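Asker: The structure that follows is given in the form of C-alpha cells.
The values are calculated or read from the model by the stated rules, or taken from the named source; none is laboratory data. Given the structure is predicted, the values throughout are model-derived calculations rather than measurements. Because the Cβ atoms are built from the backbone with ideal geometry, glycine has one as well, and the counts that use them run over all protein chains shown.
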C-alpha cells in the first residue's frame, strides 16, 4: 500500500486531477491531489461525464503487449527508456507511416551507438 501512494506522490504534481476506478485503496492515494474522481466498475460504470479510466487502460494494454510479446524482460535501470518508447507509440498510434516519419524526424541525424549508451549508463550509475 505504501508504494501505491509513494509513486504518484513522487511523480505527479499535487495540483493534478486524478481519475481511478473505485478500488478502495485509491481513495487513500487520491487524497493529497487537487481532485480525485472515480468511476464504479462494479456498478458497470465506465464513463461519467469526462471521468473515465479508458485512456490509461489503453496505455497499459499497449505497454503490456509490448513487454510480454517483444521485450519479455525489463530492468529497472532501463525502465524509463521502455516507457518513453511506449509513450511515443501511444501518442503516435493513429498512422504507422506517420509514426515512422516522426521517429526519423525526431532522430535529427543523431547517431545512437550501443557503446555510447553503455558509457552513459555507467556514468549515471556512478553519479
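Asker: Return the total of residues in the stretch 29-54 being loosely packed, with under 12 Cβ neighbours inside 10 Å and closer than 16 Å to residue 2 by Cβ.
Answerer: Selection size over the stretch 29-54: 1.
Asker: Tell me which of these residue 97 doesn't satisfy, since it passes every other one: (1) modelled with pLDDT of 80 or more; (2) in a helix (DSSP H, G or I); (3) surrounded by 10 or more Cβ atoms within 10 Å (Cβ to Cβ).
Answerer: Single failed check for residue 97: (3).
Asker: For residue 13, work out the one condition from (1) within 30 Å of residue 125 (Cα to Cα); (2) under 16 Å from the mean Cα position of the chain (by Cα); (3) at pLDDT below 90 it doesn't fulfil.
Answerer: (3) is the only condition that residue 13 fails.
Asker: For the stretch 76-92, which residues satisfy the criterion of being within 18 Å of residue 107 (Cα to Cα), over 10 Å from the mean Cα position of the chain (by Cα) and either exposed (fewer than 12 other Cβ atoms within 10 Å of the Cβ) or modelled with pLDDT of 90 or more (or both)?
Answerer: 91, the sole residue that qualifies.
Asker: When you go through (1) outside any helix (DSSP H, G or I); (2) in the same structural domain as residue 92 (by TED's automatic domain parsing) one by one for residue 32, which number turns out not to apply?
Answerer: Of everything listed in (1) outside any helix (DSSP H, G or I); (2) in the same structural domain as residue 92 (by TED's automatic domain parsing), residue 32 misses just condition (2).
Asker: Scan (1) surrounded by 10 or more Cβ atoms within 10 Å (Cβ to Cβ); (2) not assigned by TED's automatic domain parsing to the domain that holds residue 6 for the single condition residue 69 breaks and write down its number.
Answerer: For residue 69, the exception is condition (1).
Asker: Given the structure, is residue 40 on the phi < 0 side of the Ramachandran plot, outside the structural domain of residue 92 (by TED's automatic domain parsing) and at pLDDT below 90?
Answerer: Taking the combined requirement at face value, the residue does not satisfy it.
Asker: Among 79, 83, 112, which is assigned to a loop (DSSP other than H, G, I, E, B), within 28 Å of residue 126 (Cβ to Cβ) and out of contact with any strand residue (DSSP E or B) (no Cβ under 7 Å at 6 or more places or on another chain)?
Answerer: Only one candidate qualifies: 112.
Asker: Given the condition under 22 Å from the mean Cα position of the chain (by Cα), modelled with pLDDT under 90, under 26 Å from residue 3 (Cβ atoms) and not in a helix (DSSP H, G or I), answer yes or no: does some residue in the stretch 55-72 qualify?
Answerer: Within the stretch 55-72, one or more residues are under 22 Å from the mean Cα position of the chain (by Cα), modelled with pLDDT under 90, under 26 Å from residue 3 (Cβ atoms) and not in a helix (DSSP H, G or I).
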